[in-house]
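S.K.: Can you keep this structure in mind? I'll have questions shortly.
The values are calculated or read from the model by the stated rules, or taken from the named source; none is laboratory data. Quantities reported herein were computed from a predicted structural model and do not represent experimental measurements. A quick note on method: Cβ atoms are made from the backbone with ideal geometry, for glycine too, and the neighbour counts reach across all protein chains shown.
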Amino acid sequence: MKYSEISIVIPCHKEAEVIETNILTVNEYLSGLFDRHEIIVVTDGSPDGTDNAIDALIRSRSDIPLTHIQFPDNRGKGAAVKAGILASRFETVLFMDADLTIPIEELGEFMSALGQSDIVIASRLAPGAKFEEPVPWYRVLMARGFHLLQILILGNFEFSDTQCGFKLFRRNVALDIFRRITIRRFAFDAELIFLAKHLDYRVAILPVTVRKDPRDTNVRIVRDPIDMLFSLLQIRLNDLLGRYENGRQ
């Protein structure tokens, strides 16, 4: 089955080693599944040459519908995804991680699920999820701890994995949510799910295959959990103060 159109948003930070190859992989897959597509890459203050690699690809492959949004400094993954979503043009929007640890080939199942949903999110903890290698213990501990904090602070108890970087939206839904998003770093996914529930959108959860990525992670083991805790508290405060009601942040 071939679909009409999609916008793909890819946030990047220190992805110079893989970004060209992975954009080519995404573009080839989308060309076979959609009549029209666009790829929006948002570089988040990358100091390693990621910007140069993307700009070189734009110059050499004018056939790829590729847009590059560049942050001169690091603002956070949430800020990068928000910028890409708000710049999107097509009626279906996916944001995904640049390392393709969740392969683009999962998208076909997600498109089918979007027929009965407003948002489809990937879960590494749903029944049927597969891993090419064991998850490092510290990431398991961080994920479990963050899930517990979400239950206690936000009530996101039915979503065991909010942080997986592969989420598909109807564009009008994505715009409605991301115009309200305030969190700029990793906890923006939790805010996204909180807002989806608050606005009564239908959310489907699908298991995915998680591929091996031998490179160093961008996760900061000490700083990120602290940042996530304060972000969850900020989300709850925003809600109590009615800051999400006007539809634009």
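S.K.: Restricting attention to region 118-170, report how many residues are within 17 Å of the chain's Cα centre (by Cα) and either more than 30 Å from Leu86 (Cβ to Cβ) or not aromatic (Phe, Trp, Tyr) (or both).
M.R.: Selection size over region 118-170: 18.
S.K.: Keeping to region 109-124, report how many residues are in a strand (DSSP E or B) and in contact with an Asp or Glu (Cβ under 9 Å, 6 or more places away or on another chain).
M.R.: So the answer is 4.
S.K.: What is the one condition in (1) surrounded by 22 or more Cβ atoms within 10 Å (Cβ to Cβ); (2) at pLDDT below 95 that Ser88 does not satisfy?
M.R.: Unmet condition: (2).
S.K.: Follow-up question, since we're still on this one. Only one of these is modelled with pLDDT under 95, buried (at least 17 other Cβ atoms within 10 Å of the Cβ) and not in a helix (DSSP H, G or I): Glu38, Glu15. Name it.
M.R.: Glu15
S.K.: Please work out which residue is nearest to Tyr201 (Cα to Cα), limiting yourself to region 114-165 and to residues that are crowded, with 18+ Cβ neighbours inside 10 Å and of a type in the set (Ser, Thr, Tyr).
M.R.: Ser117
S.K.: Related question: Scan region 92-112 and report the pairs whose first residue is farther than 21 Å from Lys14 by Cβ and whose second residue is assigned to a loop (DSSP other than H, G, I, E, B), with Cβ atoms within less than 6 Å and a gap of 6+ or a chain change.
M.R.: These pairs meet every condition: Glu106/Val208.
S.K.: Let me ask another. Testing Asp44 on (1) crowded, with 19+ Cβ neighbours inside 10 Å; (2) in contact with a strand residue (DSSP E or B) (Cβ under 7 Å, 6 or more places away or on another chain); (3) closer than 15 Å to Ile104 by Cβ, one condition comes back false. Which one is that?
M.R.: (3)
S.K.: Six or more apart or on different chains, Cβ atoms under 7 Å: show the pairs whose first residue is in region 40-66 and more than 15 Å from Pro11 (Cβ to Cβ) and charged (D, E, K, R) and whose second is modelled with pLDDT of 95 or more and surrounded by 14 or more Cβ atoms within 10 Å (Cβ to Cβ).
M.R.: Asp55/His68
Listed here are the residues, each with its yes/no results for (1) among the β-branched types (Val, Ile, Thr); (2) in a loop (DSSP other than H, G, I, E, B).
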| site | (1), (2) |
| --- | --- |
| Asp55 | no, no |
| Arg59 | no, no |
| Ile64 | yes, yes |
| Asp73 | no, yes |
| Val93 | yes, no |
| Ile102 | yes, yes |
| Leu107 | no, no |
| Ala126 | no, yes |
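S.K.: For region 92-101, indicate whether the set of residues that are of a type in the set (D, E, K, R) and at pLDDT 90 or above is non-empty.
M.R.: yes
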